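Since the structure comes first, as structure tokens, the remarks are kept for the end.
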Amino acid sequence: MATQNLTIDCQVHCYERNGPERPWHGHLEGPEEVTGDDMVAAMAAVGVDGAILISPFSLYHYDASYALGVYAQHPGRFGLVRPFDPQSESIADDVAEWTATPGVVGARVMLAAQEYEADHPGLNAIFAACARAGVPVNVMAAGKLPLLRELARRNPDTQVIIDHVGLAQPFLPPAPPEPFADLPNVLAAAELDNVTIKISGACTLSHQPFPYPDIWEPLSRVFDAYGLERCMWGTDWTRAVRLLTYEQGVESFRAAEQLSDSDRATLMAGTLSRVYNWTPTSG
């Protein structure tokens, strides 16, 4: 199916209830459980064809076993991404094993998890391993965009994806007083050709109700800097559940008068399919 006929979410999470079999390491704002069946049903209800399923770091750290189980049940609906530990002594082997796994489309790095420098061996090893495997690195870089920029510069053969517009986003209302205060650093990263950006969770930065009209001026600056061919829409479901419904996260972009049909096709499917080399199927 051509991507202009698809809607693909660049970031969703699934997880099971906290329990002894797979205990949570922390807390992720959202329902007590979001199974693969739950996520597929939510997507189907609003015509979302597929999504990148990110194993939630806050709950499972570097264990992606639950996400792998969801993929096994719904192989046509999800591409898989998991976080990697820059302190690991087996990064090259771990990334090689992960990227050879069916359904895998990328890796993730959490730059805010601790203090890092741009010459950190483990970080650069993850970036290099992903370049060898031909998959992108998704980077949670809120508050760390200069570091992200330097890592991308040091690893020009690695496709780098900035998570969540590169900005700190709320888990509960209200939005921060100046949600786009770090936009200059977001725009500066666009100078690097190997950097793309997720327009994920953007609605949670709004001070206005659906359809969130106040996000479009700053987002237009992001679109201008990167070009829509380096931008991909997403909801960051389920983190955003306390701020908006899944339908609102979809329809605020699908019905946006600020986007042409061609823009929408690129932002809501085309860029993602190209960058992740993945397209959902009905299988």
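Any read-out appearing in this document is the output of simple, stated calculations on the displayed coordinates, not a laboratory observation. Remember, predicted model here, so these are calculated numbers, not experimental data. For neighbour counting, all protein chains shown are included, and Cβ atoms are generated from backbone atoms with ideal geometry for every residue, glycine included.
Yes or no: the range 256-265 includes at least one residue that is aliphatic (A, V, I, L, M) and in a loop (DSSP other than H, G, I, E, B). Checked against the condition, which is being aliphatic (A, V, I, L, M) and in a loop (DSSP other than H, G, I, E, B), the range 256-265 yields at least one hit. Of the residues examined, F84 is not one that is within 18 Å of W237 (Cβ to Cβ) and crowded, with 21+ Cβ neighbours inside 10 Å. Within the range 112-139, no residue that is in contact (Cβ under 8 Å) with a residue 40 or more places away in the chain and closer than 21 Å to V186 by Cβ sits with its Cβ atom under 9 Å from a residue that is surrounded by fewer than 18 Cβ atoms within 10 Å (Cβ to Cβ) and of a type in the set (S, T, Y) at 6+ positions apart or across chains. The residues of the range 208-227 that are closer than 22 Å to T245 by Cα, of a type outside the set (D, E, K, R), surrounded by 13 or more Cβ atoms within 10 Å (Cβ to Cβ) and out of contact with any helix residue (DSSP H, G or I) (no Cβ under 8 Å at 6 or more places or on another chain), listed by number, are P213, W216. Would you tally the residues in the range 205-245 being in contact (Cβ under 8 Å) with a residue 24 or more places away in the chain and within 22 Å of V40 (Cα to Cα)? Adding up the residues that qualify gives 13.
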